[in-house]
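J.: Below you'll find the structure I mean.
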Amino acid sequence: MNFKNLAKAIGPGILFASSAIGVSHLVQSTRAGADYGVIMILFIFMANLFKYPFFEFGPRYAIATKQSLLIGYKNLSKYVLYIYYIFTIATMFIITAAVSFVTIGLAENLFQTGMELKLFSFIFLLFCSLILAIGKYKTLDTLTKLIGFILVVSTIGAFLIAYFKFDFVPDETKLNSIELFKLSSISFILSLMGWMPSTIDVAAWNSEWTLERIKQTNYKPTLKEAMFDFRFGYIISAVMAFVFLGMGYIALFNSKEPLSNNSVAFANQLINVYAAYLGKWSYFIIAVSAFTTMFSTTIIVIDGFARIFDKSTQVVFDVDQTHLKRFYQFMCFAIPLGSLFIIFFYIAEMKTLVDLSTKISFLMAPFFAIVNFMTILSKDVPEEYKPGKFLIILSIFGLFYLVGFSLVYIYLSFFQ
């Protein structure tokens, strides 16, 4: 591969990694290490392995057809597209509010502004909206690469310092008391894997980012270059999940302090406990790592929902982009505004709303996986762009994994 051309292709995969490395990594992976230890490596590995094909099919379809994955959904059935459109409307405000709320808590912890929560929320989300509405993809791409670099360096650096500086010996009493097959443990494992590394509908976002990158650079990457970009981002996301698991294990497994169930409180607790464990000098490194994790997630979630809602509105209502001029910019403000409404008036019900959104995502995962699989194998995709035998076999195993996982989740949610 030509390095100059490869550099033009790099971008959408980094955006995927930044959107994935959020609550699932910072909170869930860390909590997995803190509560259960290294056994959770197995479940994180399974989630990343068996979900992989369904995420890859997004950029693969875009490179093969020069169209969004949403077009593939429409070509399969207009009802598939309608379901995706309704699903997006049902989740975009709640998910954005949830990740924003965690980010705002971490920002306050880092910068100590002393502002009232509502005012700080408004300023923060307005800042995110302006970045996207004015800078569009180019600014998003540049900013994400910068934040991603800070995130990876600070997080891995802190983990390596802890790993080599201390002879960590896990609490044998806690180690022996872990029960993976009790109801609460199974529920946590399902929750961990359900959002690891992200929800499968994000594959459509990646197809949009791939097309936007082509437009920005005026260069259409080869399939090999596009897959290198996506796999690079996916591997970063997977590695960071293991790193956060390790951080939780080293810093919190032996802690006698109970872990908070509130995402913001838990993230702040992680920073303080880890700093106490390593020394005060490490506080800033951990705080920057946590904040950059959630800041990049927040801004990319806003862009992803705005971009996909813009495109899906065009396709659903069969209108040309010229008739929806600046609709993307409008959604960059509308989505944070709706999220602010939830933060302002429904903060007490935030956990209930997020749980509802999570359940919807869990239940829809097999559907989107099947749809993505059918789309990439459809007649729209030239034979040379279709997945090979290994990826098809992995997809079939992935479908069994997702269906089985969802059935267990339904059973635990409604029959226990």
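The values are calculated or read from the model by the stated rules, or taken from the named source; none is laboratory data. None of the values given here were measured: they were computed from a predicted structure. Glycine also receives a Cβ, built like all others from the backbone with ideal geometry; neighbour counts cover every protein chain displayed.
J.: Specify which of the listed residues (LEU81, LEU146) is of a type outside the set (Val, Ile, Thr) and touching a Phe, Trp or Tyr at 6+ places or on another chain (Cβ under 8 Å). Reasoning before the result, please.
T.: Values: LEU146 fails: touching a Phe, Trp or Tyr at 6+ places or on another chain (Cβ under 8 Å).
Criteria check complete, one pass: LEU81.
J.: Only one of these is hydroxyl-bearing (Ser, Thr, Tyr) and at pLDDT below 85: SER187, SER237, SER207, SER198. Name it.
T.: Numbers: SER237 fails: at pLDDT below 85; SER207 fails: at pLDDT below 85; SER198 fails: at pLDDT below 85.
Being hydroxyl-bearing (Ser, Thr, Tyr) and at pLDDT below 85 holds for just one of SER187, SER237, SER207, SER198, which is SER187.
J.: Same structure again: Going by the conditions given, is SER198 without any contact (Cβ under 8 Å) to a residue 60 or more places away in the chain, farther than 20 Å from ILE250 by Cα and among the small types (Gly, Ala, Ser)?
T.: Numbers: without any contact (Cβ under 8 Å) to a residue 60 or more places away in the chain: no; farther than 20 Å from ILE250 by Cα: yes; among the small types (Gly, Ala, Ser): yes.
For SER198, the condition - without any contact (Cβ under 8 Å) to a residue 60 or more places away in the chain, farther than 20 Å from ILE250 by Cα and among the small types (Gly, Ala, Ser) - is not met.
J.: Also, I was wondering about something else. Can you tell me which condition LYS66 does not meet? The list is (1) closer than 18 Å to ALA226 by Cα; (2) surrounded by 16 or more Cβ atoms within 10 Å (Cβ to Cβ), and all the others hold.
T.: Going through (1) closer than 18 Å to ALA226 by Cα; (2) surrounded by 16 or more Cβ atoms within 10 Å (Cβ to Cβ) one by one, LYS66 breaks only (2).
J.: Could you give me the residue pairs with C-beta distances under 6 Å whose first residue belongs to segment 212-228 and is under 11 Å from ILE10 (Cα atoms), whose second residue is assigned to a helix (DSSP H, G or I) and at pLDDT 95 or above wherever it lies, and which are 6+ apart or on separate chains?
T.: ALA226/PRO59; ALA226/ILE63
J.: All but one of (1) more than 27 Å from PHE45 (Cα to Cα); (2) of a type in the set (S, T, N, Q); (3) surrounded by 12 or more Cβ atoms within 10 Å (Cβ to Cβ); (4) out of contact with any helix residue (DSSP H, G or I) (no Cβ under 6 Å at 6 or more places or on another chain) hold for ASN109; which doesn't?
T.: So ASN109 meets the others, but not (4).
J.: Tell me, please, whether a residue that is in contact with a Gly (Cβ under 9 Å, 6 or more places away or on another chain) and either surrounded by fewer than 23 Cβ atoms within 10 Å (Cβ to Cβ) or modelled with pLDDT under 90 (or both) can be found in segment 306-313. Break it down into steps so the answer makes sense when it comes.
T.: Quick first cut of segment 306-313, residues in contact with a Gly (Cβ under 9 Å, 6 or more places away or on another chain) only: none.
No: segment 306-313 contains no residue that is in contact with a Gly (Cβ under 9 Å, 6 or more places away or on another chain) and either surrounded by fewer than 23 Cβ atoms within 10 Å (Cβ to Cβ) or modelled with pLDDT under 90 (or both).
J.: Could you tell me whether any residue of segment 13-21 is in a helix (DSSP H, G or I), within 30 Å of PHE159 (Cα to Cα), modelled with pLDDT under 95 and polar (S, T, N, Q)?
T.: Within segment 13-21, the subset in a helix (DSSP H, G or I) is 13-20.
Filter again for within 30 Å of PHE159 (Cα to Cα), leaving 13-20.
Cutting the leftovers down to modelled with pLDDT under 95 gives us 13-20.
The next check asks that each one be polar (S, T, N, Q); those that pass are 18-19.
Checked against the condition, which is being in a helix (DSSP H, G or I), within 30 Å of PHE159 (Cα to Cα), modelled with pLDDT under 95 and polar (S, T, N, Q), segment 13-21 yields at least one hit.
J.: When segment 167-193 is examined, which residues are found to be surrounded by fewer than 16 Cβ atoms within 10 Å (Cβ to Cβ) and either of a type in the set (S, T, N, Q) or touching a Leu at 6+ places or on another chain (Cβ under 8 Å) (or both)?
T.: Restricting attention to segment 167-193, the residues satisfying the condition of being surrounded by fewer than 16 Cβ atoms within 10 Å (Cβ to Cβ) are 167-185, 187.
Passing the criteria: THR173, ASN176, SER177, LEU183, SER184, SER185, SER187.
J.: Is it true that VAL301 is at pLDDT 90 or above, in contact with a Lys or Arg (Cβ under 8 Å, 6 or more places away or on another chain) and either part of a helix (DSSP H, G or I) or more than 16 Å from SER198 (Cβ to Cβ) (or both)?
T.: No.
J.: How about segment 336-357: which of its residues are among the polar types (S, T, N, Q) and either touching a helix residue (DSSP H, G or I) at 6+ places or on another chain (Cβ under 6 Å) or at pLDDT 70 or above (or both)? Write out each step before concluding.
T.: Narrowing segment 336-357 to residues among the polar types (S, T, N, Q): 339, 352, 357.
Scanning segment 336-357 gives SER339, SER357.
J.: Which count do you get for residues in segment 123-171 that are more than 19 Å from ALA9 (Cα to Cα), charged (D, E, K, R) and either touching a residue at least 24 places away in the same chain (Cβ under 8 Å) or touching a His at 6+ places or on another chain (Cβ under 8 Å) (or both)?
T.: Total meeting the criteria: 2.
J.: I would also like to ask the following. Looking at the structure I just gave you, is VAL99 modelled with pLDDT under 95, assigned to a helix (DSSP H, G or I), surrounded by 18 or more Cβ atoms within 10 Å (Cβ to Cβ) and in contact with a Ser or Thr (Cβ under 6 Å, 6 or more places away or on another chain)?
T.: Working: modelled with pLDDT under 95: yes; assigned to a helix (DSSP H, G or I): yes; surrounded by 18 or more Cβ atoms within 10 Å (Cβ to Cβ): yes; in contact with a Ser or Thr (Cβ under 6 Å, 6 or more places away or on another chain): yes.
Criteria met by VAL99.
J.: Let me ask you something else. For the condition more than 29 Å from ILE343 (Cβ to Cβ), of a type in the set (A, V, I, L, M) and in contact with a Gly (Cβ under 6 Å, 6 or more places away or on another chain), what is the one hit in LEU76, LEU81, LEU69, LEU42? Walk me through how you get there before you give the answer.
T.: Working: LEU76 fails: in contact with a Gly (Cβ under 6 Å, 6 or more places away or on another chain); LEU81 fails: in contact with a Gly (Cβ under 6 Å, 6 or more places away or on another chain); LEU42 fails: in contact with a Gly (Cβ under 6 Å, 6 or more places away or on another chain).
After ruling out the rest, the residue left standing is LEU69.
J.: Among the residues of segment 152-170, is there at least one that is of a type in the set (Asp, Glu), under 30 Å from ALA306 (Cα atoms) and not in a helix (DSSP H, G or I)? Give the steps one after another, and end with the answer.
T.: Applying the first criterion (of a type in the set (Asp, Glu)) to segment 152-170 yields 167.
Adding the requirement that they be under 30 Å from ALA306 (Cα atoms) leaves none.
Checking segment 152-170: not a single residue is of a type in the set (Asp, Glu), under 30 Å from ALA306 (Cα atoms) and not in a helix (DSSP H, G or I).
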